[in-house]
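The values are calculated or read from the model by the stated rules, or taken from the named source; none is laboratory data. Source: prediction; values computed, not measured. Every residue, glycine among them, receives a Cβ derived from its backbone with ideal geometry; neighbour counts consider all protein chains shown. Just the protein is used for accessible areas: all its heavy atoms, side chains included, with ligands, DNA and RNA removed. Shrake-Rupley method; radii C 1.70, N 1.55, O 1.52, S 1.80 Å.
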Amino acid sequence: MSCCAAGTESAAELEALKSEGPSAEEMWLSSRPLGDGLRQVDLIVPGVHCGACIALLEKELPRTRGVDHARVNLSTRRVSVVFRDTDTDSIGKARGDAGGEGSDHPEAVLTELGQKFKSLGYPAHLPGGADESADPAMRELLKALAVAGFASMNVMLLSVSVWSGAEAATRDLFHWISALIAAPALIYSGRVFFRSAWGALRHGRANMDVPISLGVGLAYAISLFETITHGEHAYFDASVTLLFFLLAGRTLDHMMREKARSAVRNLVRLSPRGAMVIRDNGSREYLALDEIEPGMRLAIAPGDRIPVDGRIVSGRSDMDFAVVNGESAPQLVEAGSLTPAGTLNLTGALVLEVTRKAKDSFLAEMVAMMEAAESGRAGYRRIADRASAIYAPAVHLLALGTFIGWMMVSGDWRMAMLTAVAVLIITCPCALGLAVPVVQVIAAGRLFENGIMVKDGSAMERLAQADHVVFDKTGTLTRGMPRLINSAAVAPDHLAIAARIARASRHPLSQALADFDAGGDGLAEFDITETPGEGVEAISPEGDVYRLGRAVFALDERDEGIERAADASQVILSKNGKFLDIFLFSDQMRRGAAQAVARLSALGIDAEILSGDREGPVKALAGELGVSAYVAGVRPRGKVDRIKALAAEGRKPLMVGDGLNDAPALSAAHVSMAPASAADVGRMAADFVFLHDSLEAVPMAFEVSRKAGSLIRQNFALAVAYNVIAVPIAVMGYATPLIAALAMSSSSVIVVLNSLRLRRKTRVEQFAKGASERAVSAAARPGLGASA
């Protein structure tokens, strides 16, 4: 439904349509393939409030036919459902082909999935749109809080008069006025809790809102009974003020969660709603982002954000690539330049050819990684979820036991009831439920602010455990932009052949050689095969076999007569196993490599280098970085074996690599990291991807992950200490329902505030910022810099 239709239909009709949830076809169109016959669809479920909700959805949704598994993110209220895609062309076919009973047809699966959400009492809708950006949950909370606050102030004023010694008739009148004020306030403001509690009870389960609703309702019921029977004490002020404080706690909790998620929200805002499309006939039309297809041409004006990944067709401009590489200095782009989504066009008009749809763009990939980081199931998160899931039955039994105990001890049912109500409220597991997810959200945001993307929430926990770092050399410790240093000594025809073959490989040395290719279609004549970690083989139409790579790969027999440079990387070109020529390369160290190794050492983490390069260049780089452990000439299998050997010694290694040959080692490591410049398979295998050029991302990720683990443990301690102290106080009758509400809300706020400490800058960030400011200052004063 279009937002433009809001004026043509009543609010009730719109709400009814929204409650129907997305259709199977809408869910199919918003889903994305995962491979192995699986697809994932993400849905917003506003009714998720606690660990019991998470446990129920993750248990019940996979019971739907065709659903593989489901994950719930409490902080974002987002449910990711993975289902089996048995017929990729199914949606959109005639409905008569939908399959019979028991079919795993995707449309039938998604239809059942929508019905499952409704039957569980959790209406779902697709993410995006005005509703989500406007945050209707926050609006509802603020309205409910305002009504409860107004009612509590007025009821409190009447209560002061009663407490001052009013006569019986005046007291009864004020009690009735208080009841009339409190009733609509409880109905309107309390619906935040009542609606969730009723939805849970209607489906035979309990969540944290059930005891809260019971507590508020019982406090009002007791007060109404006292008023009808002309009792001296009524608790309308307590019931309404109790609701006010509960709503205040939930509103603060909601605001802090949104603050914690500011990184994702700001990232999403970088994406325009649409773009101006240039048609083949020259006409222009503005299209929504999801309607833009690869191959379309877009008009990009100065000041516009790039909406989708594309290639410049015409025009020249300065572009802000800060979202990609963290560098604030503009970069010149022109025809042929690639521009990822989210970058900012600064100076000139451009025509862009779309290369990928919006849902597959660089920006969408970063948002997806952020969502995955926030919702990952770390060990701590599983503990918190299990504890929260058993909360409801335990607290109900505890409240019932408290009521029975006080009845046996005092015989005063009013006192017993109020004490039980206090127990129901004070034992809320909000603090425990928030202990992990809020820290995960903030940690993922902090890493993103420093150009580090996390692909799995559990990766941060694993990184905090790591005690050893294994670095690849080329493209990781070095910039991966080698320069051919002996081009003058190489035969021109040999250079031409090598450059033509090198075009088939993404290895940095091959890319450096490919720059010497004069162009043409000669490559199509070769039958080319690349062996990761070894080199490239090309068979010519005449049957000659050219090999470009390691000496042991290229040559049938070792040639001792080949001249080599001790500290340069080399590539051999051979023909039919015989030596033709040698190419020597030099590479620059990646920015921040020395500082990263030094900082890791200060953190107590050992480093070593595993490289497929020759002994000379690896030894020289290790000496420059101060790394004593290194191994040269390692093949992909050898890197995996080394990772496994470290694990066998009880170590938990972090692998940092970028190439196709590093992918097996990245997968085998306890945790892994790759630069954004890495090969696609390397980025897919890594747990972290750092976007900026500096290698200081590695110690930064370590510091944030360790701090996050420390804060999670502190949050657990705070939540446990709260319950250990508060529950006995409530059971012994020392806490009124009002005090219980204050204590429960305070515990949640304290946990969130403690988690927000993670937003403070680490030492690595402070050092990097200072270095950047000094560099900018030096650049701004060239005279002083030159004299220095």
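Consider the range 645-680 and keep the residues that are among the hydrophobic types (A, V, I, L, M, F, W, C) and part of a loop (DSSP other than H, G, I, E, B). The one that is modelled with the lowest pLDDT is Ala679.
Remark: pairs (first residue in the range 284-309, assigned to a strand (DSSP E or B); second residue of a type in the set (Lys, Arg); Cβ separation under 7 Å; 6+ apart in sequence or on different chains) = Glu285/Arg279; Ala288/Arg273; Ala299/Arg284. Restricted to helices (runs of 4 or more DSSP H) entirely inside the range 86-186, those with at least 1 residues that are closer than 28 Å to Leu218 by Cβ and modelled with pLDDT of 80 or more are 106-120, 136-163. Restricted to the range 440-521, the set of helices (runs of 4 or more DSSP H) holding at least 2 residues that are touching a residue at least 12 places away in the same chain (Cβ under 8 Å) and farther than 30 Å from Glu649 by Cα comprises 492-502, 508-514.
Report yes if Lys652 is over 21 Å from Leu513 (Cβ atoms), touching a residue at least 60 places away in the same chain (Cβ under 8 Å) and open to solvent by 50 Å² or more (accessible area, probe 1.4 Å), otherwise no. Criteria met by Lys652.
Taken together, Ile725, Ile739, Ile750 contain a single residue that is free of Cβ contacts under 8 Å to residues at least 40 places away in the same chain and surrounded by fewer than 20 Cβ atoms within 10 Å (Cβ to Cβ), which is Ile725.
The residues listed here are Phe244, Phe193; of these, the one that is open to solvent by less than 30 Å² (accessible area, probe 1.4 Å), closer than 21 Å to Ser747 by Cβ, touching a Ser or Thr at 6+ places or on another chain (Cβ under 7 Å) and modelled with pLDDT of 80 or more is Phe193. For the range 597-611, a residue qualifies if it is among the small types (Gly, Ala, Ser) and either open to solvent by less than 10 Å² (accessible area, probe 1.4 Å) or under 13 Å from Glu696 (Cβ atoms) (or both), and the qualifying residues are Ala598, Ala602, Ser611.
Pro617 meets each of the listed conditions (1) modelled with pLDDT of 90 or more; (2) open to solvent by less than 20 Å² (accessible area, probe 1.4 Å) apart from (1).
Considering the range 196-209, and only residues there that are open to solvent by 30 Å² or more (accessible area, probe 1.4 Å) and of a type in the set (D, E, K, R), the residue that is modelled with the highest pLDDT turns out to be Arg202.
Consider Ile212 carefully, then state whether it is in contact (Cβ under 8 Å) with a residue 12 or more places away in the chain, touching a Leu at 6+ places or on another chain (Cβ under 9 Å) and surrounded by fewer than 17 Cβ atoms within 10 Å (Cβ to Cβ). Answer is no for this residue. Take the residues in the range 269-283 that are of a type in the set (Lys, Arg) and without any contact (Cβ under 8 Å) to a residue 12 or more places away in the chain, then tell me which one is least open to solvent (accessible area, probe 1.4 Å). Filtering the range 269-283 for residues that are of a type in the set (Lys, Arg) and without any contact (Cβ under 8 Å) to a residue 12 or more places away in the chain, the one least open to solvent (accessible area, probe 1.4 Å) comes out as Arg279. Selection of first residues in the range 174-196 that are more than 12 Å from Val210 (Cα to Cα) and of second residues that are not in a helix (DSSP H, G or I), restricted to Cβ pairs under 6 Å at least 6 apart or on distinct chains, gives the following pairs, ordered by first then second residue: His175/Ala234.
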